[in-house]
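**Q** First, the structure itself, so that you have it in front of you.
The values are calculated or read from the model by the stated rules, or taken from the named source; none is laboratory data. None of the values given here were measured: they were computed from a predicted structure. Areas reflect the complete protein model, heavy atoms only, side chains present, ligands, DNA and RNA absent. Shrake-Rupley method; radii C 1.70, N 1.55, O 1.52, S 1.80 Å.
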Amino acid sequence: MRILGRLLLGSLALLLAIPSGGAILLMALVLDPVASVWLTKGALAGLDAGLSDLAAGLPPESFAWVLAGLAKASCVLLAVPPALVALVGETLRWRGLLWYGAGCGLITAALPWLARGAVHPGGTALAAEARVTAILFLAGAGAGLVYWLIAGRSAGRPPTRA
């Protein structure tokens, strides 16, 4: 019975942690001046490509591919780190705020670096990547802290008898 309760509590915590990480990511991207310019340029380039495809008579399926790619990347960045940290924390019965917050933040920030496979040194590109890494860390740490507030604080505690 305790396992079922932990599963339900963990599921609820993940259902709240993932959107909160997404909200923190969106807020940080909008508020950061460098990321805001980057997002604006990317959105304008995508809009230009989509409108030129429509003007040429091509179907707007490239837009659907872009949305599918964004959904996949969002799932990997926002859902996988909190779920992984929650699984390890619950399995090993860790209740530490540092594990859930910093662990989830570090995994989220490391995912793009791991996917690419290496660091590409370069002046402004490396500085921009460092900003994005910091933003991803904040989003992951926020999601991890929300999970910890709901379910992580009680991980591994013996059931209380009333």
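**Q** When residues of the stretch 76-113 are filtered for being assigned to a helix (DSSP H, G or I) and among the basic types (Lys, Arg), how many remain? Explain how you work it out, then say what you get.
**A** Step one: list which residues in the stretch 76-113 are assigned to a helix (DSSP H, G or I), which gives 76-78, 80-92, 97-113.
Those still in the list that are among the basic types (Lys, Arg) too: none.
The qualifying residues number 0.
**Q** Can you pull out the residues in the stretch 133-162 that are open to solvent by 60 Å² or more (accessible area, probe 1.4 Å) and either under 20 Å from the mean Cα position of the chain (by Cα) or at pLDDT 80 or above (or both)? Spell out the reasoning first.
**A** Step one: of the stretch 133-162, the residues open to solvent by 60 Å² or more (accessible area, probe 1.4 Å) are 137-138, 145, 149, 153, 157-162.
Correct list: Phe137, Leu138, Leu145, Leu149.
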